[in-house]
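Since the structure comes first, as structure tokens, the remarks are kept for the end.
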Amino acid sequence: MIKKVFGAALAGAALLIPAVSDTATAGPAPSGIPASGIPSAESPGRSKAASRDEEWRRVGDGITAGISGLAAAGRHGGTADALAVRDNKKPGENRLVAVWYSPDAKPRAHEVTWRGEQPVDLEAIDAVPGRDGTYVAVSSSGTAYLIQREIQGEAQEETQGEGDTVRVLRTTRLPGVSADDNYEGFALIAVQGTIAAVWADRGQDDRPGKLTAAEWNPRTHTFGQRDSKEFRVPYPTRDVRHISDVKVAASGALTVSSASDPGDDGPYDSALYDAGRVLVGRDGDVRLSLPAKPHRLATFPGHKIEALLCLPRSREGILGTDDENDGGSLTAAALCRP
């Protein structure tokens with residue numbers, strides 16, 4: 001097998017985040033998310049609907065084709081390469097898909113083979129900073145898989161996935177898992193020799209979501225001392241999953257998606273929030289700083305956003321949906337703050 005060498009630096013590498021201090025607070029929230037036809041919020045306290053059907057590009061049909069998590073794999077001109085997870089549960093159903101996305105064309109995709117026993121209900125994925133082709137994928141139950149992507153021959157979409165596989169390097173459980181938890185978000189960020197991990201229990205209606213941050217060791221696939229905080233959104237208002245994904249920008253800023261999920265036929269609704277920031281001290285201590293009230297950046301009616309991706313060294317990002325019976329779709333948004 002020949003390991004693929006990706007052509008662009010992974011998101012989160014070589015970053016600088018303010019050191020932890022007793023007075024550290026979340027930074028100012030942006031006023032909106034302008035990009036690719038997506039309007040910005042009208043004022044800092046008011047979000048504007050940010051979705052039209054023509055802005056979303058379908059990447060699969062039916063309940064097994066949704067996108068539950070996205071990770072950057074590279075960038076070639078205006079095309080972003082990504083690795084996505086799907087929350088399928090039955091044997092033989094696809095768990096991973098390679099996606100080539102451009103705002104001006106239909107996404108191209110092929111299935112990626114998971115070598116060995118298939119995981120159940122993958123909900124999140126992120127690239128390991130500084131390690132090409134290496135990722136952490138997380139299931140809803142809190143199992144975290146350290147995986148290596150390998151491609152035999154040339155890594156081109158025309159191969160239709162032949163020889164495109166991942167193998168599991170290590171498996172562990174997220175620390176602090178409880179019976180009621182349902183994990184839907186995971187992100188990694190590197191700063192001054194420390195890799196911080198942030199993961200999210202989604203919560204449900206009256207039960208708030210929970211964000212947790214800790215140092216992560218890529219050699220042993222273990223986590224350090226945790227800092228956890230509850231997270232609740234004011235919108236959507238019914239059938240609410242307070243956190244459906246989380247990503248960390250180079251500044252340490254946390255962006256969270258939330259979603260309304262009434263069932264396999266919808267109707268769905270989603271929003272993006274500035275959720276504060278992750279702070280890494282000079283001693284490697286990792287902490288969360290969350291605002292008293294999250295700032296809503298934009299809303300996306302008609303879709304259940306479950307995946308966020310930030311492109312390397314860019315404000316540009318990609319949103320992915322798991323619209324159940326209506327499949328999966330992607331759109332571009334300037335959700336990132338490098």
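General remarks:
- Only the Cβ atoms of Lys and Arg (+1) and of Asp and Glu (-1) were treated as charged; on that basis the dipole of the range 53-333 about its Cα centre amounts to roughly 1140 debye.
- Placing +1 on each Lys and Arg Cβ and -1 on each Asp and Glu Cβ, with no other charges, gives the range 158-298 a dipole about its Cα centre of roughly 720 debye.
- 22 Å Cα-Cα threshold exceeded, pairs from Lys89/Lys229; Lys210/Lys304; Lys89/Lys210; Lys89/Lys247; Lys90/Lys247; Lys89/Lys304: Lys89/Lys229; Lys89/Lys210; Lys89/Lys247; Lys90/Lys247
- Listed residues Ala250, Val120, Leu83: farthest to the positive end of the dipole of the range 53-333 (Cβ charges): Ala250
- The trypsin sites (Lys or Arg not before Pro) of the range 195-235 that meet both conditions, a loop assignment by DSSP and at most 10 other Cβ atoms within 10 Å of the site Cβ, are Arg219.
- Each Lys and Arg contributes +1 and each Asp and Glu -1, all at the Cβ; summed about the Cα centre of the range 81-225, the dipole is approximately 420 debye.
- A straight chain from Arg131 to Asn325 at 0.36 nm per residue would run longer than the Cα-Cα distance by 66.3 nm.
- Peptides 244-252, 96-104, 263-271 ranked from most to least packed by the mean count of surrounding Cβ atoms within 10 Å: 244-252, 96-104, 263-271.
- Mean Cα-pair separation over length for the range 70-217, i.e. relative contact order, pairs under 8 Å, 6 or more apart, %: 16
- Note on the range 173-283: the C-alpha convex hull projects to 7.5 nm² when averaged across all orientations.
- Shape summary: the range 101-211 maps onto an equivalent ellipsoid whose semi-axes, from the alpha-carbon gyration tensor, are 28, 17, 16 Å in decreasing order.
- Extent along principal axes [Cα atoms of the range 53-333; Å; largest to smallest]: 47, 43, 37
- Cα-projected label distance for Thr171 with Asp283, points at 7 Å along beta-carbon direction, nm: 3.6
- Tensor-based shape of the range 197-260 (alpha-carbon gyration tensor, a/c under 1.5 rounded, otherwise prolate or oblate): prolate
- The range 275-314: mean projected area of Cα convex hull, nm²: 4.8
- The residues packed around Leu290, meaning those with a beta-carbon under 14 Å from its beta-carbon, carry a net charge of +3 if Lys and Arg are +1 and Asp and Glu are -1.
Computed from the coordinates by the stated procedures, all read-outs in this text should not be read as laboratory data. Keep in mind the model is a prediction, meaning the values are calculated, not measured. Cβ atoms come from the backbone with ideal geometry, glycine included; neighbour counts cover every protein chain shown.
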